[in-house]
Amino acid sequence: MTAVNRMPKKAKQSIIPVTILTGFLGSGKTTLLNHILNDKTHGMKFAVIENEFGEIGVDDKVISENVDEEIIEVMNGCICCTVRGDLVIALKKLHEKVHMFNGIIIETTGLADPAPVVQTFFVDEDIQKMYKLDSVITVVDALNILDRLHEKKPEGVENESVEQIVFADKILLNKTDLVEKGQLVEIERELKALNPLTIILRTQFGKIDPSELLNLQAFDLKRILDFEPDFITDVDQEHQHDTSVVSVSSRIEGEMNIEILQSWIERLIGEDGASLYRYKGVIAVKGMNRKFVFQGVNMLFTAGFEGKWKKNETRESRFVFIGKNLDKEFLQAGFNACRVTQDLRFLVGEKVEVNVGTWKEGKVIKHWDEGNAYRVEVQNRTKRNVWAPVDIDVYIRKIQG
């Protein structure tokens, strides 16, 4: 039976189901969320509450364009502590627009303990009348989960990855293509040891039938009370984060040189990748009308162009790095250095020399073509076009002699 068949009609719906989507940094939560939002089979309209650890959000820029902006709420800071009260406010605010959706998805930051988020739906009387917690879905990065589960934390600090497993009604064991089958069995054994009643589904790139995740009516408060009897009454206990884990973010109005940016990121990953739990950014590239989105976990890095800048949207670039003992000033200075800040040296139509293995005479025919500083026509019989990605003498220079 598909999700849409189990979903009551909007007009008859009084209590809205809520799905909590959790999982450690880089597990694939936003990718999964976009698959759900883009799927046409479930017939549902969602409001989304997006939570990010850093001061500057990135995920709201890459959430599917199929979601109306007026039903996306973004909260920066950890949803399980500093912005927990904001969650109640956001839920009540969204309920005023209840005619626009028939389900809510809360995507928590990767450093969130799900417990305080879950508590919200049982300790606030108004929220109980408006919403029902349907399920907690935890996305797991198969490549890194064992390291996360075994990580030693300072005294009094909970291991967020463990808490995310314990509270899961379903676990999506994601990125299974990066792990040997034998290791997957070992991972599943450890996950089941922490949460014997959970259901584990293997996925790649977060692809799964949404009916496996929506309208499950799976959350069972009794199961939580069995291992945490004070769960409902102990609502004031604060969640302690590992203070060595920090978030560094930056937002710049303006455009970036894509070649310099990629070189900087690659060098950064090579030198500090082991300390980077999660990094992601949405970049306005000079000469491109599409958004450049990069993201990674430790040494695993992906990037590409996704979606277009809207007509009246501010072309700005932003990034967030989360990891251990990160140098904030160093990261922000490196990011700023990738910005296009000056006019190009050579005008369109000007004769130059261009490096095509050897130096050849050329003519500049376009500035900022597909992210490259120059497009140059080689002045020979073939008149072939070449590109100078950066405005430096290594690629393009004045005619010599």
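The values are calculated or read from the model by the stated rules, or taken from the named source; none is laboratory data. Note that the structure is a prediction, hence the values are computed from the model and not measured. Using ideal geometry, Cβ is built from the backbone for each residue, glycine included, and neighbour counts are taken over all protein chains shown. Just so you know, the surface numbers come from the protein's heavy atoms only, side chains and all, with ligands and any DNA or RNA stripped out. Shrake-Rupley method; radii C 1.70, N 1.55, O 1.52, S 1.80 Å.
For this structure, a couple of remarks:
- Flag for ILE392 being under 26 Å from GLY254 (Cα atoms) and free of Cβ contacts under 8 Å to residues at least 12 places away in the same chain: yes
- In the stretch 163-176 there is at least one residue matching the filter, namely being modelled with pLDDT of 90 or more, among the polar types (S, T, N, Q), part of a helix (DSSP H, G or I) and touching a Gly at 6+ places or on another chain (Cβ under 9 Å).
- Test result for SER135, touching a residue at least 40 places away in the same chain (Cβ under 8 Å), crowded, with 20+ Cβ neighbours inside 10 Å and among the hydroxyl-bearing types (Ser, Thr, Tyr): yes
- Residue check: ASN289 meets all listed conditions (1) more than 18 Å from the chain's Cα centre (by Cα); (2) closer than 25 Å to PRO389 by Cα; (3) surrounded by 14 or more Cβ atoms within 10 Å (Cβ to Cβ) but one, namely (3).
- If you go through the stretch 305-336 and keep only what is among the hydrophobic types (A, V, I, L, M, F, W, C), within 27 Å of ARG267 (Cβ to Cβ) and open to solvent by less than 70 Å² (accessible area, probe 1.4 Å), you end up with PHE305, PHE319, VAL320, PHE321, ILE322, LEU326, LEU331, ALA333, PHE335.
- Every pair of residues 6+ apart whose Cβ atoms lie under 6 Å, when the first sits in the stretch 83-106 and is touching a residue at least 12 places away in the same chain (Cβ under 8 Å) while the second is of a type in the set (Gly, Ala, Ser) and not in a loop (DSSP other than H, G, I, E, B): LEU94/ALA47; PHE101/ALA47; ILE104/ALA47
- Subset of the stretch 295-304 [open to solvent by 70 Å² or more (accessible area, probe 1.4 Å), under 15 Å from ASP272 (Cα atoms) and among the β-branched types (Val, Ile, Thr)]: none
- Matching option when the condition is in contact with a helix residue (DSSP H, G or I) (Cβ under 6 Å, 6 or more places away or on another chain) and among the aliphatic types (A, V, I, L, M), among LEU146, LEU94, LEU111: LEU111
- Of all residue pairs spaced 6 or more apart or on separate chains, none has beta-carbon atoms under 8 Å together with a first member in the stretch 302-314 that is on the phi > 0 side of the Ramachandran plot and a second member that is assigned to a loop (DSSP other than H, G, I, E, B) and surrounded by fewer than 10 Cβ atoms within 10 Å (Cβ to Cβ).
- Any hit, the stretch 367-379, residues being closer than 26 Å to GLU255 by Cβ, touching a residue at least 24 places away in the same chain (Cβ under 8 Å) and not in a strand (DSSP E or B): yes
- Number of the exception - LEU221 against (1) buried (at least 19 other Cβ atoms within 10 Å of the Cβ); (2) over 18 Å from LEU25 (Cβ atoms); (3) modelled with pLDDT under 90: (1)
- Candidate set: the stretch 343-366, residues that are part of a loop (DSSP other than H, G, I, E, B) and touching a residue at least 24 places away in the same chain (Cβ under 8 Å); chosen: the one nearest to MET288 (Cα to Cα): LEU344
- Taken together, ARG397, ARG381 contain a single residue that is open to solvent by 20 Å² or more (accessible area, probe 1.4 Å) and touching an Asp or Glu at 6+ places or on another chain (Cβ under 7 Å), which is ARG397.
The rows are residues; the columns are (1) crowded, with 17+ Cβ neighbours inside 10 Å; (2) at pLDDT 65 or above; (3) in contact with an Asp or Glu (Cβ under 6 Å, 6 or more places away or on another chain); (4) within 20 Å of ILE137 (Cβ to Cβ).
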{"position": "MET44", "(1), (2), (3), (4)": "yes, yes, no, yes"}
{"position": "PHE53", "(1), (2), (3), (4)": "yes, no, no, yes"}
{"position": "GLU65", "(1), (2), (3), (4)": "no, no, no, no"}
{"position": "THR82", "(1), (2), (3), (4)": "no, no, no, no"}
{"position": "LYS93", "(1), (2), (3), (4)": "no, yes, no, no"}
{"position": "GLY103", "(1), (2), (3), (4)": "yes, yes, no, yes"}
{"position": "ILE106", "(1), (2), (3), (4)": "yes, yes, no, yes"}
{"position": "GLY110", "(1), (2), (3), (4)": "yes, yes, no, yes"}
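- Single match in GLU190, GLU158 (criterion: touching a residue at least 24 places away in the same chain (Cβ under 8 Å), closer than 26 Å to LEU276 by Cα and part of a loop (DSSP other than H, G, I, E, B)): GLU158
- Scanning the stretch 337-361 for residues that are of a type outside the set (Asp, Glu) and open to solvent by less than 60 Å² (accessible area, probe 1.4 Å) yields CYS338, VAL340, LEU344, PHE346, GLY349, VAL352, VAL354, VAL356.
Matching residues to (1) open to solvent by 40 Å² or more (accessible area, probe 1.4 Å); (2) β-branched (Val, Ile, Thr):
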| position | (1), (2) |
| --- | --- |
| ASN174 | no, no |
| ASP177 | yes, no |
| GLU180 | yes, no |
| VAL185 | yes, yes |
| GLU190 | yes, no |
| ALA193 | yes, no |
| GLN204 | yes, no |
